[in-house]
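Taken together, the values in this text are just the output of simple stated rules run on the coordinates, not laboratory data. Computed from a prediction, not measured in an experiment: that's the story for all the values here. Here the Cβ is made from the backbone with ideal geometry for all residues, glycine too, and neighbour counts use every protein chain on show.
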Amino acid sequence: MKRFHFLKIYLLSLLISLLFLSGCSRAGHYDAVISRAGEDPADFVEQTLNEVDLLICDDGLHPAVAPYDFLCNYLQQKPGTADIVFLEVVSIKAQSAIDAFMAGEAKDTLLLAPVFRESFSYFWPYETYLHLLSTVWDINHRVPEDQRIRVVGVDQPIYWEGLQTREDYNIFQASLTARDNFMYRTILKNMDYFQSGLKGIFMTNTRHAYKCIRDKDGAPYWNAGTFFHEWHPGKTYALRFHNVILNITASKDPGENASTEGMDRMVYSWARMDDGAWDEAFARNDNRPVAIPLKGNLFGRHPYMGNHMTNVKAGQSMSDAFDAVIFLKPLEETTFSAETDFFMTEAFKKEVARRVRVMNGHRLEEFLKEQGCETVEEYVEKLCVYVPERPNTLVMSDEL
């Protein structure tokens, strides 16, 4: 019995040692990749745009501040390297407002109100977008004309004036089945079908940025990034700004309350890549901003995580999803955008109230109770206020 007890202790100690050595080896490989392949993010973006025509950027999270601050700084430091910035969340219906703002001799941001009012939800609040548009205006008014940057919205329009009920809204949502192809076609046309040497940067979200993730049967999940990757090889490059990532365990039916963003169609948590091993490696690199190509290294070989986890081909990895990752700062230091209210007027608040009734009219009393409000107008007053920049609350999740 003593010999058996000793054997159990020995085997347990051996297993712990092997796990420890495996962890150390993995950490060492991450550090080696950063040392060997890591590059300054701005220089990396510039070099990539020299090699391809369109850089497709996954902002990680729409409210994330760091990717948009990086883009603003990049455009200021390296004007002339990008001709067009494409924005996923901005409707083509708001393009005339962007063009009028950019053409103005004075920086009249009130002209941009339609950009933030034309949204699939009640409105689009993030101040990062106002900062980006303002930064491009500044650049365009100090550089030669041939270095001026266009900002182009590529999203499908929503004609709120034609939506009167939740059923109308559901029909609109059904029209979004071809949304990625719409964005792809809009970008392609503005890029002159890659015939003119134009250079573009597409700021989007994860589910539109993937290169080519395949389902269990090997068929691609067709999205904007995949259309470009499969139909215009060598013309685009997909990178992800490092942040927490979706860890999806199951799908579910949201019923008649479905949102356009799709988060209510999944059972998920937020996770750190490789249980935090990526973050630990970045910390050992003194948390210096770094860009890392994913092909042929431990970062890229990490099993795929993201929007299609519940039905994905065996062996899919992060390098199947993206070409590179950019680390900007520790996740604990990342923030969510302030929510601007510059476009709010009493007349628009009435329109917001109407949209609330359209989207929630089938369960309005229940919805208002969930929001702690007695009337739609009370809810709108709570909703239509300035919200300061705040910490990335997903990083604080107990699940991480």
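Relative to its residue count, the range 209-248 spans a Cα convex hull of 78 Å³ per residue. The residue among P220, A291, A250 whose Cα reaches farthest toward the positive pole of the charge dipole of the range 27-336, with charges on the beta-carbon of Lys, Arg, Asp and Glu, is P220.
With the helix formula -39500 (n - 2.57) applied to DSSP H stretches of n ≥ 4, the chain reaches a computed 222 nm mean residue ellipticity of -12500 deg cm²/dmol.
Here the contact order of the range 94-219, divided by its residue count and restricted to Cα pairs under 8 Å and six or more residues apart, works out to 17 percent.
Too long at a 18 Å Cα-Cα cut-off: which of K189/K235; K107/K189; K78/K199; K93/K189; K235/K313?
K107/K189; K235/K313, as the Cα separations exceed 18 Å there.
Using θ = phi - 60° in the Karplus curve 6.51 cos²θ - 1.76 cosθ + 1.60, the 3J(HN,Hα) couplings for the range 162-179 round to x, 9, 10, 9, 4, 4, 4, 5, 5, 5, 4, 4, 4, 5, 7, 4, 9, 4 Hz; x is entered for Gly and Pro. The three principal axes of the Cα atoms in the range 27-336 give end-to-end lengths of 53, 51, 38 Å, sorted in falling order. For the range 27-336, what is the percent of antiparallel DSSP beta bridges, rounded to the nearest 5? Bridges in the range 27-336 that DSSP calls antiparallel: roughly 40 percent. Does the range 285-393 classify as rounded, prolate or oblate by the C-alpha gyration tensor (a ≥ b ≥ c root eigenvalues; a/c under 1.5 gives rounded; else a/b over b/c gives prolate, otherwise oblate)? Prolate shape, in that a/c is at least 1.5 and a/b is the bigger ratio.
The residue list H62, W137, S121 was ranked by how far each Cα lies along the charge dipole of the chain toward its positive end, using unit charges on Cβ atoms, and H62 comes out on top. Only aspartates and glutamates eight or more places from K349 in sequence, or on another chain, were considered; those with a Cα closer than 16 Å are E118, E161, E339, D341, E377, E378, E381.
Kirkwood radius and radius of gyration were both taken over the C-alpha atoms of the range 263-349, and their ratio Rg/Rh is 1.11.
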